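The next block holds one structure in the form of structure tokens; read it before the comments.
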Amino acid sequence: MKLPVYLDHHSTTPLDPRVLEAMQPFLKENFANAASAQHVLGKEVEKCVAHARESVAALIGARRDEIIFTSGTTESNNQVFWSAREIYAKKGKHIISQQTEHRSVLEPLKALEKEGFRVTYLPVNVKGEINLKDLEQAVTNETILISLMHANNEIGTVHPIEAIGKIAKSKQVLFHVDAAQTSGKLRIDVEQMGIDLLSFSAHKMYGPKGVGALYIRRKNPHVRVAPLILGGGHENGLRSGTLNVPGIIGFGKTCELAALETDQDFKHTQVLRNHLQHRLTHELDLVFVHGAAKERLPHNLSVSFSCTESDALMMAVQDKLAVSSGSACVSGTTHVSHVLKALNLEGDLAQTTIRFGIGKFNKLEEIDFAADQIIEAVKNLRAMSPIYQDMKAKGIG
Ligand SMILES: *Cc1c(COP(=O)(O)O)cnc(C)c1O
């Protein structure tokens, strides 16, 4: 077993060897610029990029001409909000989103607020779910965009995208989805789900870093976006700059693999996640699992070990496990993530949260090893915790 065991797949994923293999010729002999239509080398690369675009589009039920390549979800999200400012502000200046979005949504929204936009951040319940009635009631004549993530990157809660798409359509408001955590993990169909704009990244789905896409609906309605980056007019003038050909080829390949293997990867990671959850909740007391019980990413386990500060726990296992916590200790004070804050958790649950993100290459023995390590470390830390000893003495837990 290679140490540390990598269980942080929400943050990024390793490259699938088959993707690396597909990319290699484009880092060597097939180096031509995809925009160099005057010679055969350029034309050949252009053809391969077109094929990759087809594969990326097919994964989400879109057409090739509805995809532009970007550097990733952060850029795609930014382009959507930039477009709201450049194109849609004339129709209204109200946007609806929610509290547990990624910072690549929240920060551009903050910038828009400074420019006179009004943003409604829908609240979430303790499981990270929004209330669809709140959403419907938030829509006004001024609303131009609903932007919601498909699944949350910390607690794994999956939002009811199809139902939200229906609301957006009935109110004639554009619907943007950040699908960084779900592309290649859950089935996505932009038609069935009523999505107008969708952002995703290759590196969250076993592809290369620094490449992603923005899906832009071309029909019913015809959705317009404005370029964030001006220059040579690449990507129909919507995203200038020489294409990242090796990245795009890798992205295409990873989407082809996902189209075939999503269901099997879903089952594999879900079995491992359930096993880890079962062991942690049965072999330790005072353990709380976050996120929705059912509508949840198959590979996510966000869990609190009460009376065990996540910083201390992370430290105890750092040579053996690569996991993430929901809080960071910055110069002596604990900063809880905005996602855990939005859940209004009781007691010390936010400060004691660990996030496990299981990947398709993880094996059962790695999960058992992780469970062993965590259980031992939690027991050791609790043995030194006066609060825990006091709770036990009072019979709590
Ligand atoms: C990772 C992630 C992003 C950012 O993706 P980049 O590839 O770093 O731009 C945005 N949203 C969510 C939900 C994510 O998980």
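Could you tell me how many cubic angstrom of Cα convex hull volume region 154-218 has per residue?
94 Å³
Label points 7 Å out from Cα along the Cβ direction at Lys90 and Met315: separation in nm?
Those two pseudo-labels are separated by 5.8 nm.
Just grab the label-to-label distance for Arg63 and Arg218, each label 7 Å out from Cα along the Cβ direction, in nm (one decimal).
0.4 nm
Against the globular-protein guess of 2.2 N^0.38 Å, express the Cα radius of gyration of region 192-318 as a ratio, rounded to two decimals.
Taking N as the residue count of region 192-318, the ratio is 1.48.
Need the C-alpha centroid separation for region 268-314 versus region 320-397, integer Å.
9 Å
What's the whole-number percent of alpha carbon pairs in region 112-209 lying beyond 23 angstrom?
Summing the P(r) of region 112-209 above 23 Å gives 28 percent of all pairs.
Sorted from largest down, what three extents in whole angstroms do the Cα atoms of region 341-389 have along their principal axes?
Dimensions of region 341-389 along the principal axes of its Cα atoms: 37, 31, 9 Å.
Work out, step by step, the length gained on full extension between Asn380 and Glu162: first 0.36 nm times the residue separation, then minus their alpha carbon distance; give nm to one decimal.
73.9 nm
Would you list the P(r) distribution for region 301-397, with all Cα-Cα distances sorted into 5 Å bins from 0 and each bin expressed as a whole %?
2, 12, 21, 23, 19, 14, 6, 2, 0
Residues in region 159-180 near a label at Lys127, defined as backbone nitrogen under 12 Å from the 7 Å Cα→Cβ point?
The answer is 159-160.
Place a point 7 Å from the Cα of Asp263 along the Cα-to-Cβ direction; which residues of region 168-196 have their backbone N under 20 Å from it?
Residues 182-193 qualify, since their backbone N sits under 20 Å from the label point.
Would you calculate, for the chain, the mean residue ellipticity at 222 nm contributed by helices, counting each DSSP H stretch of 4 or more residues as -39,500 (n - 2.57) and dividing by all residues, to the nearest 500? Can you show the working numbers first?
Details: 11 runs with 154 residues, N = 397.
Helix contribution divided over all residues of the chain: -12500 deg cm²/dmol.
Over the chain, with a Gaussian network built from C-alpha contacts below 10 Å, which listed residue (Ser199, Ser337, Ser170) shows the highest mean-square fluctuation?
Checking each option, the largest mean-square fluctuation is seen for Ser170.
Pick out, from Val271, Val339, Pro17, the residue whose Cα sits farthest towards the positive end of the charge dipole of the chain, with +1 on the Cβ of Lys and Arg and -1 on the Cβ of Asp and Glu.
Looking along the dipole axis, the top candidate is Val339.
If only Cα atoms are counted, what is the Rg of region 10-126, and what is its Dmax, in Å?
Computed over the Cα atoms of region 10-126, radius of gyration and Dmax are 19.3, 58 Å.
Quick one: which residues, 5 or more positions from Leu122 or on another chain, have an amide H under 5 Å from its amide H? H modelled 1.01 Å from N in the peptide plane, none for Pro or chain starts.
Under 5 Å from the amide H of Leu122 lie the amide H atoms of Ser97, Gln98, Gln99, each far enough along the sequence or on another chain.
Scattering from the C-alpha atoms of region 280-339 alone, worked out with Debye: what is log10 I(q)/I(0) at q = 0.18, 0.26 1/Å?
Log10 of I(q)/I(0), two decimals: -0.78, -1.33.
How long are the three semi-axes of the equivalent ellipsoid of the chain, in whole Å, if each is the root of 5 times an eigenvalue of the C-alpha gyration tensor, listed from largest down?
One finds semi-axes of 38, 27, 17 Å for the chain.
Once Rh for region 1-73 is found with the Kirkwood sum over Cα pairs, what is the Stokes-Einstein diffusion coefficient at 37 °C and 0.692 mPa s, in µm²/s? Write out the running numbers ahead of the final one.
On the way: Rh = 14.8 Å.
This corresponds to a translational diffusion coefficient of 222 µm²/s.
Under the rule that an exposed site lies in a DSSP loop and has at most 11 other Cβ atoms within 10 Å, name the longest stretch of the chain with no GluC sites (Glu not before Pro) of that kind, not counting the sites themselves.
On the way: sites that count: Glu29, Glu115, Glu346.
With a cap of 11 other Cβ atoms within 10 Å, the longest stretch comes to 116-345.
For an R0 of 22 angstrom, estimate the FRET efficiency from the Cβ-Cβ distance between Gln38 and Arg18 and round to the nearest 0.05.
So the FRET efficiency works out to roughly 0.10.
Give a quick list of trypsin sites (Lys or Arg not before Pro) in region 233-310 that DSSP marks as loop, anything other than H, G, I, E or B, with at most 15 other Cβ atoms within 10 Å.
Lys294
Rule-based calculations on the coordinates, nothing more; no lab input. Everything numeric in this text was worked out from a predicted model, so none of it was measured. Positions of Cβ are backbone-derived with ideal geometry, glycine not excepted, and every protein chain shown enters the neighbour counts.
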